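To keep things clear, I will list the structure first and then write my remarks on it.
The values are calculated or read from the model by the stated rules, or taken from the named source; none is laboratory data. Note that the structure is a prediction, hence the values are computed from the model and not measured. We place every Cβ from the backbone using ideal geometry, glycine too, and count neighbours over all the protein chains shown. Ligands, DNA and RNA are excluded from the accessible area calculation, which covers all protein heavy atoms including side chains. Shrake-Rupley method; radii C 1.70, N 1.55, O 1.52, S 1.80 Å.
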Amino acid sequence: MKRIISLLLALVIAISAAIPAYATGDGNMDSGGSGMGDGTKTNYWNPGMDGVRLSVVHADNRAVIGSVVDWSNQKPNANIAHFGKVSKLSYNTGRTLSPAVGGYVCVQPTQKLPKIISTGSSKASIAAIRSYFTDEQVIRAIAGYVGIDFDLLISGDYRIVVEPLAYLCYNGQQFAMTATEAALYDQTVNGDLRVKLGSLTHKNLPLAIFLEEADLGYAAWSGSRTEKASNGDIISSLGIGIVRFNEVTTPPEPGEYDYEYRVNTEVITSVEVRGGQSDPDNPVSVRFNIQGRTYTVSNVYYPDGDSQLAWVRWRTPAEPCVITISVSVYGGGSAQGTITCNIVDLDGNDPPNPLADDRNDAFRLSSIPEKEQVTSASWGIWSPWWQENWEWVENWQKCWHTDRWTDADGKTHTDRWYHWVDNGWWEDHGWWEFDYNGYSAGLAGSMKITPDEKSPTATASTLKSGYGVQEKVTAKVTTNQSAAVTAAQNAVTYFPEFGYENYWRLLEAEISGRSTTFQFKANPYSTYDRRTHFTPIWYPDGSYTPYTWLLDCWTPAGMLSMNLTDSVTIRGNLWEEWHIAPAKQR
């Protein structure tokens, strides 16, 4: 199956004559980089020791499909250190580094890779990279190694994620790492990797491939193409290219809001502060102005070339509205100046009153939806500490002396002379070092659907249509920074009889610390004011599966959420419970 799809930028259009006629896919990639610094015997990278990490993800739920593979024209050292085969998308949803030595395998593709990482004397060609990864034969090979059918891969529901990869020597140990892994690892070694190999790990590697259009939740890169990037920028935006397979590429419309929150919900709003260095001698503070109230975050510290999240915890209004938050940075840094928040109310869209004579002869079961699911997040705080470096400050001064003596004739003489004395002092010519303290949060949840106790013939998991079901959702948040994380505060349940749309129930929450229990609100159509949802009388026999989206667990790195389902079995209907006896004859 062959598709010819135009690439995205005018640059690509200009060179389209050089792209083979058998190309397929849409290469969302651009690149940058500049000169490389000098290495040492224990810290170096050799030009050409590069490759790519390839993963296939579903375009809608962003789940990684099949195997993640590394490709390179080189054959790395057998004892190389590495972090496994992990996609950038997995790291951005909370996966942590898992270092290992040995056992690393990469593929040497039959069709050799183009140069991936530029050097000062030899530039990589983004046109060649795009052409390579939109080539049908290359994509067929990727499909084979990943373990996905080629026609399914190019159906439009999937993306190929391409990450630049470097084989380098750090402190005498050979490493294989993507740009994202380099930034995460630099955080664990408190910036030492950037100091020793920053021209590679924080410039030419992450700038080898980045997005020219937003996709899969990643923004198009608009920062410098020649300067070192911060760990935060690399992790969030750099070192990623995407191959799409749409017949007609329709770029998503830019989002109108930075955040969408629910009414009367405790939330966390954050900005990334960068620029220069912030330390106790030159501190940065951030002020958030929200509906006339000012929240100040002081002592926002970070090293030169990096960044720091600053956040505020607040409660949204009780009514839907749009709020504009103004952000001011004091002390030399910079951050996003305006944040627009859409506050929505999920309540008030309950299903209508079911009737005993309802019918739906055209009913067809819909697929269970999958909304955004992020069950873990990580962030960190830079902590400065003073590295003493005492140096002697010289202060040479003349020390004068006077000698008096009388000669043989009785004549008195006076001589003045001096010698040099260092009246210096010790001064601390130290500097600020930084430690990165990492934090994380995880969300776990479960959902249980049971027949209502008022259903006279129901068992633990079976009932007749027309009777009600009850629901219990439990959620628990774990974290090592409680002040920066909220409990899960909302859960919304959708039902199969409505195709999981149009109507839903916002569950009632009972929060205790970081644990939450949710259940249906009392049903106004229930004779006994039960916390129940009535199944329609016409629902066919078989599995009845409500779907719940658990959400509004907020962290500095964004919202955690989960997709949950549970089922009961429908067998028969409530009319079978009724018996009409003939009238007695008089």
Item to complete: Sort out which residues of region 267-282 are of a type outside the set (D, E) and not in a strand (DSSP E or B), and write them in order of number.
Response: G275, G276, Q277, P280
Discussion item. Between a residue in region 196-217 that is closer than 21 Å to G305 by Cβ and touching a residue at least 24 places away in the same chain (Cβ under 8 Å) and any residue that is acidic (D, E) and outside any helix (DSSP H, G or I), which pairs come within a Cβ distance under 6 Å, given they are 6 or more apart or on different chains?
Written reply: F210/D30
Worksheet entry | Subset of region 448-470 (residues that are among the polar types (S, T, N, Q), in a strand (DSSP E or B) and open to solvent by 10 Å² or more (accessible area, probe 1.4 Å)) | T450, T462, Q470
Worksheet item: Among A100, A124, which is in contact with a His (Cβ under 7 Å, 6 or more places away or on another chain) and among the small types (G, A, S)?
Response: A100
Discussion item. Looking only at region 149-190, how many residues end up being touching a strand residue (DSSP E or B) at 6+ places or on another chain (Cβ under 7 Å) and assigned to a strand (DSSP E or B)?
Written reply: 18
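Yes/no per residue for (1) out of contact with any Ser or Thr (no Cβ under 8 Å at 6 or more places or on another chain); (2) among the small types (G, A, S); (3) over 19 Å from T545 (Cα atoms); (4) surrounded by 16 or more Cβ atoms within 10 Å (Cβ to Cβ):
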site	(1), (2), (3), (4)
A483	yes, yes, yes, no
Q489	no, no, yes, yes
V492	no, no, no, yes
E497	no, no, no, yes
N502	yes, no, no, no
E510	no, no, yes, no
R514	no, no, yes, yes
Worksheet, complete the sentence: Picking from G430, G438, G499, the residue that is of a type outside the set (A, V, I, L, M) and farther than 30 Å from M562 by Cβ would be G430
Worksheet, complete the sentence: Filter region 332-343 for residues that are among the β-branched types (V, I, T) and surrounded by 15 or more Cβ atoms within 10 Å (Cβ to Cβ); the one that is farthest from K521 (Cα to Cα) is I339
Discussion item. If I go through region 424-458 residue by residue, how many of them are among the polar types (S, T, N, Q), closer than 30 Å to Y528 by Cα and in contact with a Ser or Thr (Cβ under 7 Å, 6 or more places away or on another chain)?
Written reply: 1
Discussion item. If I ask for residues that are outside any helix (DSSP H, G or I), touching a strand residue (DSSP E or B) at 6+ places or on another chain (Cβ under 9 Å) and open to solvent by 30 Å² or more (accessible area, probe 1.4 Å), which ones from region 105-145 would you list?
Written reply: V105, Q108, Q111, K115
Worksheet entry | Pairs, first outside any loop (DSSP other than H, G, I, E, B) and at pLDDT 95 or above in region 478-501, second of a type in the set (S, T, N, Q) and open to solvent by 10 Å² or more (accessible area, probe 1.4 Å), C-beta under 8 Å, six or more apart | T479/S440; P496/S366; P496/T545
Fill in: Lone qualifier among V286, V300 - being assigned to a strand (DSSP E or B) and of a type outside the set (K, R)
V286
Response to the item:
Here the residues within region 424-444 that are open to solvent by less than 70 Å² (accessible area, probe 1.4 Å) and more than 30 Å from I381 (Cβ to Cβ) are G424, E427
Response to the item:
R159 meets each of (1) within 27 Å of the chain's Cα centre (by Cα); (2) closer than 17 Å to S72 by Cα; (3) among the charged types (D, E, K, R) with one exception, condition (2)
Item to complete: State all residues of region 191-202 that are farther than 15 Å from G232 by Cβ and open to solvent by 10 Å² or more (accessible area, probe 1.4 Å); if no residue qualifies, say none.
Response: D192, V195, K196, L197, S199
